[in-house]
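Data first, discussion second: the structure below is written as structure tokens.
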Amino acid sequence: MRKYMTEALNFWVREADIDGYRCDVAGFIPVDFWDNVRKELDAIKPVFMLAEWESRDLYKKAFDMTYSWSLWDKLKAATTENKGVGGLVEYMAHDVSTVPADAYRMTFTENHDKNSWEGTQFSNFGEGLKSSMVMACTVNGMPLVYSGQEAGLDHSLKFFDKDTISWISHPFYEMYKKLFELKHRNQALWNGAAGGEMVRIVNDKPTSVVSFSREKNGNKVISLINFSAKAIKVKLQGKNHTGNYKEAFTGNSYALKGDDLVDLPAWGYIILEK
């Protein structure tokens with residue numbers, strides 16, 4: 001069976017010149033099978049391999065990217081489950097300490113499984129949806145925009161039958177556009193080893209506000225995200241992030257001098273760039 005599966009995977013790369021695979025429930029298959037497959041595929045041409053799984057063993061030889069299921073869980077916990085941001089801080093610490101620098105995570109607030117079986121982006125994250133979108137686009141990883149999200153998809157699509165999407169003008173389009181423009185132009189948010197490591201910024205609202213920076217070759221992005229229903233004045237402790245910044249969404253200028261106080265609206269966010 002391994003031989004036939006490997007031959008089938010080789011066929012589509014060799015004969016159809018596809019660029020790689022997204023492998024469903026990849027963790028159900030032994031890692032050594034995937035390791036061998038990757039070796040054979042790369043002998044034909046360089047490929048990109050995405051695993052619908054979350055295991056660091058898959059990064060060793062076989063896969064370039066895995067699904068970041070745990071980030072979705074922690075974002076839901078911080079928003080509609082009202083559990084605070086402790087899980088998000090833990091997620092970032094775990095990512096930095098266990099995921100190889102050259103590995104990619106696929107981050108998301110919606111995908112085909114979540115949308116069809118666990119509700120919509122609005123029901124899963126409520127008022128914290130935009131905050132969750134911002135975090136998914138600024139943490140380490142490559143963000144996924146699921147079909148219709150940029151058009152405000154507000155219902156669960158049928159999984160096995162045709163189901164159309166209303167491609168209407170929606171604020172999420174401009175929001176994603178600005179986030180992706182930032183990701184392209186600022187190396188701090190680039191993928192894998194090309195981007196900057198996440199560094200936590202300690203603040204005085206540790207149960208409500210996630211604050212972290214990423215920096216690479218003089219490029220820097222600071223994410224300040226309020227995961228609470230109350231407007232907050234948060235103090236960023238320390239002097240490691242002094243300098244002049246522009247806010248990615250508004251273009252407003254910010255001068256950080258150390259131990260700065262920043263106002264965040266309910267479920268609000270500020271993304272600083274230099």
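Highest mean first, what order results for 75-83, 164-172 on Cβ atoms within 10 Å?
75-83, 164-172
Angle check, please: helix 2-16 long axis (alpha carbons) against the longest principal axis of the chain (alpha carbons), in degrees 0 to 90, nearest 10.
80
Beyond 27 Å between alpha-carbons counts as too far, so tell me which of LYS74/LYS178; LYS45/LYS114; LYS76/LYS235; LYS76/LYS177; LYS39/LYS216; LYS83/LYS257 fall in that bin.
From the list (LYS74/LYS178; LYS45/LYS114; LYS76/LYS235; LYS76/LYS177; LYS39/LYS216; LYS83/LYS257), the Cα-Cα distance tops 27 Å for LYS45/LYS114; LYS39/LYS216; LYS83/LYS257.
What are the equivalent ellipsoid semi-axes of the stretch 18-67, built from the alpha-carbon gyration tensor (square roots of five times its eigenvalues), in whole angstrom, biggest first?
Ellipsoid semi-axes (Å, largest first): 16, 11, 9.
Based only on the alpha carbon positions, what is the Kirkwood hydrodynamic radius of the chain, in angstrom?
Across the chain, the inverse of the average 1/r is 20.0 Å.
Which whole-number percent is the relative contact order of the stretch 50-183 (Cα, under 8 Å, 6+ apart)?
In percent, rounded to a whole number, it is 21.
If I stretch the segment between ASN244 and SER70 completely, what's the gain in nm (0.36 nm per residue apart, minus their alpha carbon distance), one decimal?
Answer, rounded to one decimal: 59.3 nm.
To the nearest 20 debye, what is the magnitude of the charge dipole of the chain about its Cα centre, counting +1 on the Cβ of each Lys and Arg and -1 on the Cβ of each Asp and Glu?
820
How big is the gap, in Å, between the Cα center of the stretch 139-172 and the Cα center of the stretch 195-274?
Answer, in whole Å: 29.
How large is ³J(HN,Hα), in whole Hz, for each residue of the stretch 208-218 in order, when computed from phi with the Karplus curve 6.51 cos²θ - 1.76 cosθ + 1.60 and θ = phi - 60°, using x for Gly and Pro?
3J(HN,Hα) across the stretch 208-218, in whole Hz: 10, 10, 9, 9, 7, 10, 9, 9, 8, 6, x.
Once you have all Cα-Cα distances for the stretch 1-149, histogram them in 5 Å bins from zero and send the whole-percent values.
Going out from 0 Å in 5 Å bins, the stretch 1-149 shows 2, 9, 18, 19, 17, 14, 10, 7, 4, 1, 0 percent.
In nm, give the distance between the simple-model label positions of MET5 and ALA43, each being 7 Å from the Cα along the Cα-to-Cβ direction.
Calculated label separation equals 1.9 nm.
How high is the relative contact order of the stretch 18-67? Use alpha-carbon pairs under 8 Å, at least six apart in sequence, and give a whole percent.
Result for the stretch 18-67 is 44 percent.
Over the chain, what is the relative contact order in whole percent, taking alpha-carbon pairs under 8 Å and six or more residues apart?
Dividing the mean separation by the residue count of the chain yields 13 percent.
Which percentage, to the nearest 5, of the DSSP beta bridges contained in the chain is antiparallel?
In the chain, DSSP labels about 70 percent of beta bridges as antiparallel.
Bear in mind that the values in this text are calculations on the coordinates, not laboratory data. Small disclaimer: the values here were computed from a predicted structure and weren't measured. Backbone-built Cβ (ideal geometry, glycine too); neighbour counts: all protein chains shown.
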